[in-house]
1. How much length would be gained if the chain were fully extended between Asn165 and Thr128, taking 0.36 nm per residue of separation minus their Cα-Cα distance, in nm to one decimal?
2. Pairs of alpha-carbon atoms within less than 8 angstrom and 6+ residues apart define the contacts here; what relative contact order does the chain have, in percent?
3. Ranked by Cβ crowding within 10 angstrom, fewest neighbours first, how are Thr38, Thr215 ordered?
4. Once each part is reduced to its C-alpha centroid, what is the distance from the stretch 171-201 to the stretch 1-62 in angstrom?
5. Using a Cα-Cα cut-off of under 24 Å, which lysines could be cross-linked to Lys92, ignoring same-chain neighbours fewer than 8 residues away?
6. May I ask you to order 99-111, 153-165 by the average number of other C-beta atoms within 10 Å around their residues, highest value first?
7. Quick check on the exposure proxy: order Glu52, Glu6, Glu15 from fewest to most C-beta atoms within 10 angstrom.
8. What does the helix-only formula give at 222 nm for the chain: each DSSP H stretch with n ≥ 4 adding -39500 (n - 2.57), the total divided by the residues, and the result rounded to the nearest 500 deg cm²/dmol?
Amino acid sequence: MGKSLEEEVYKFNHEKISLYGLLVLFFAMLYNIVSGKTIERSNLSYGFGAIEWIPLIIIAVGSAFFAMEYKNRTILTMLYKSTSKLKIYLAKFLVIFLYSIVLTVVAILLTFLFSFLFTSHKYDWLTTINGHSLIFDLLINMLGAIIYSFFITGLSFMLCMLTRNNAVVVCIGIVLAFFGAGFSGALMRSFPEAVSIIKWNPMSMIFISQQLTRTSLISTSHLLDSELIIANIAYGLIFVVFGYYLFKKRRV
């Protein structure tokens, strides 16, 4: 497993998609700043929109990272050199998940930088408001983004194996990011008698990006913070297992 992971890390570091992901994050956060009239405290706590962009970048980069093996036919060499398809699949999964952590750390650093450049020290990172300091809210929201990235990484790999079309995977990711929470909430409002079941649907998992610091969202997601964390991890593991099954059965 260690050798497979080392090879995937080396391969990923030499692919331009990892750099593109960082550039997209940078410009997306910058756009969030220049397109708004004022910078609110919530903008900083959400990393200038980074909590929304990181999952999108992960689903695009993750699916592309796997799809290119089939496009370039390098998957044949990988399967020939390795005795375990599971090691290949898990190594790729770990690389993308670790990349999501890197994106999160970069987003935190950029948030501090942009705050220094654009807010003129308007907000104190350590001042407590409603029981939370600004830096606490930022770090907790970013932790939520990492947990959701585990869900997204598993989903992107599974969809890549299921659809075999990178564009379709990215489109599904965009739909989940921009409409998932709204559709899930509408579904629960439409069928209140089935909320106890509907609240566990995959589209509700995105609430973790904001709910950890906004308890008011519990009335919309109908899930406690602990339930959201467990559900995201559980779904991620389910997607990993199903994705590996499809990978193992896929013809090359």
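1. Using 0.36 nm per residue and subtracting the Cα-Cα distance, I get 8.6 nm.
2. Reported as a whole number, the value is 25 percent.
3. Exposure proxy ranking, most exposed first: Thr38, Thr215.
4. Value for the Cα centre distance between the two parts: 25 Å.
5. Cα-Cα hits under 24 Å: Lys3, Lys11, Lys16, Lys71, Lys81, Lys248, Lys249.
6. Those peptides, ordered most packed to least, come out 153-165, 99-111.
7. In order of increasing Cβ crowding within 10 Å: Glu6, Glu15, Glu52.
8. -24000 deg cm²/dmol
Taken together, the values in this text are just the output of simple stated rules run on the coordinates, not laboratory data. It should be emphasised that the depicted structure is a prediction, and the values quoted were computed from it without experimental measurement. Ideal geometry is used to build each Cβ from the backbone, glycine not excepted, and the neighbour counts take in all protein chains shown.
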